[in-house]
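The values are calculated or read from the model by the stated rules, or taken from the named source; none is laboratory data. Predicted model only: the values in this text are computed from it and were never measured. All Cβ positions, glycine included, derive from the backbone under ideal geometry; neighbour counts span all protein chains shown.
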Amino acid sequence: MNTSVVLSVVSEDRPGIVESLSELLDSHGGNWTESSMLSLAGLFAGILLAELPRDQLAAFRKELAALESEGIQVLVREAGSVPAAAGAREFVLDLVGQDRPGIVHDVSRVLARHSLNVQELETTCQSASMSAENLFMAHARVLVPEGASIDSLRQELEDLANELMVDINLAGTQGPDGG
């Protein structure tokens, strides 16, 4: 019987990190199923979902811990079953504007107030093409629970966008209202 594990990986960025992880997983009969990895400020950071035989889990964890001597830190958590959010609708949120501290906190506070679950979040800063200012961009996939007021959510996001002087767009993945 297989078990699913989620690995969080951090290391000084250098060649061979993914190879070390994949070799270790393969040697325990595991399968690399999903991942997101990148280099951030000289560090390699990643998250990975893998499946491996349950009877290999203890040995796999032990060998992962040994990677610490190579400067690779790995946190392992067994994945639980995720209950389907009955009636939840998926939306995409995009934000673009001048960078400043607190943007993610301000937006996430609105999302939490409406009980939205962030499924995926990507952010980046880059120089604006016509100025030397940093441009902040965010892209998120969120689940809106059944019964949540999309109009109220949109109004609160619009008010926040005006306050922060950014553009925020919330669109359903199955049409303009998500339905």
* Structure fact -> Taking first residues from the stretch 152-175 that are part of a strand (DSSP E or B) and second residues anywhere that are loosely packed, with under 12 Cβ neighbours inside 10 Å, the pairs with Cβ under 7 Å that are 6 or more apart or on different chains are Gly172/Gly179
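Yes or no, residue by residue, for (1) charged (D, E, K, R); (2) free of Cβ contacts under 8 Å to residues at least 24 places away in the same chain; (3) in contact with a strand residue (DSSP E or B) (Cβ under 9 Å, 6 or more places away or on another chain):
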residue: Ala86; (1), (2), (3): no, no, no
residue: Leu93; (1), (2), (3): no, no, yes
residue: Gly102; (1), (2), (3): no, yes, no
residue: His114; (1), (2), (3): no, no, yes
residue: Glu122; (1), (2), (3): yes, yes, yes
residue: Cys125; (1), (2), (3): no, no, yes
residue: Leu143; (1), (2), (3): no, no, yes
residue: Glu146; (1), (2), (3): yes, no, yes
* Structure fact -> Among the residues of the stretch 1-48, the number that are more than 19 Å from Arg61 (Cβ to Cβ), more than 22 Å from the chain's Cα centre (by Cα) and of a type in the set (Gly, Ala, Ser) is 1
* Asked: Failed condition for Ala41, given (1) surrounded by 12 or more Cβ atoms within 10 Å (Cβ to Cβ); (2) without any contact (Cβ under 8 Å) to a residue 12 or more places away in the chain, with all others met?
  -> (1)
* **Neighbours by Cβ (under 8 Å, 6+ apart or cross-chain): first from the stretch 53-82, exposed (fewer than 12 other Cβ atoms within 10 Å of the Cβ); second not in a strand (DSSP E or B)** => Arg54/Met1; Glu78/Leu57
* Structure fact -> Just one listed residue, out of Leu143, Leu121, is over 20 Å from Ala41 (Cα atoms), surrounded by 11 or more Cβ atoms within 10 Å (Cβ to Cβ) and assigned by TED's automatic domain parsing to the domain that holds Leu95, and it is Leu143
* Taking the residues in the stretch 4-19 that are assigned to a loop (DSSP other than H, G, I, E, B) and charged (D, E, K, R) as candidates, determine which candidate is nearest to Gly80 (Cα to Cα). => Asp13
